[in-house]
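The values are calculated or read from the model by the stated rules, or taken from the named source; none is laboratory data. Keep in mind it's a predicted model, so treat the numbers as computed, not measured. When we count neighbours, we look across all protein chains shown, and the Cβ atoms used for this are built from the backbone with ideal geometry, even at glycine. The accessibility values were calculated without ligands, DNA or RNA, using every heavy atom of the protein model including side chains. Shrake-Rupley method; radii C 1.70, N 1.55, O 1.52, S 1.80 Å.
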Amino acid sequence: MSKKKSIDDLVSALNFLSDNQVTNGEQFELLASKFDDMIAEIKSQLVTAEDKIIQLNLVLKTLSGASSDDEITKSKAKEKLQQMNIDPDTSVDLLEKQAEALVIEKNIIEDKLSEVINDLRLYENIKHTSDKERENDTVRNNEVKR
């Protein structure tokens, strides 16, 4: 590994620790649980956004059926809308815009999840390097004592 790459990695690790306000070993260990909590929360937000998109698409499909030329389809769709407490005259354009906004929100949540997972990987790399250094120090100390 080149010296430049090594220095860049060190700077990246230090920036990461600074961004996460880690100043001692105990805080470093707590950071792992913080990542787990963040990932769980973001995944929950993602599921909620996906559920909203599914529900909105169901409403849009049912509204489409309510304006069908087929009387049976129209009747069933209007009955379904009534069960969902949706006005059959609800604006499809408005709902489509809401669906687009939800897809954008879902994409933002997915991006945030990717960022946190990348930060977690960086944390794991820092921890692995730190553990290796500690192990090497122990071996060196044992050799000096001989």
Exercise. Once you charge only the Cβ atoms, +1 for Lys and Arg and -1 for Asp and Glu, what is the size of the charge dipole of segment 54-146 about its Cα centre, to the nearest 20 debye?
Worked result: 600
Problem set entry | Computed over segment 38-146, Kirkwood Rh from alpha-carbon pairs, angstrom | 18.1
Problem set entry | Pairs from K43/K74; K106/K132; K43/K97; K34/K61 whose Cα-Cα separation, in the structure shown, is over 30 Å | K43/K74; K106/K132; K34/K61
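Report, in debye and to the nearest 20, how large the dipole of segment 71-116 comes out about its Cα centre when Lys and Arg carry +1 and Asp and Glu carry -1 on their Cβ.
280
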Seminar exercise, completed: For the pair S18 and V103, the simple spin-label estimate (label points 7 Å beyond Cα toward Cβ) gives in nm 4.1
For this session: Note down the accessible area of I126, probe 1.4 Å, to the nearest 10 Å².
Result: 30
Exercise. If you find the alpha carbon centre of segment 67-101 and of segment 24-61, how far apart are they in angstrom?
Worked result: 30
Problem set entry | Stretch gain in nm, segment H128-S75, where the contour uses 0.36 nm per residue and the Cα spacing is subtracted | 12.8 nm
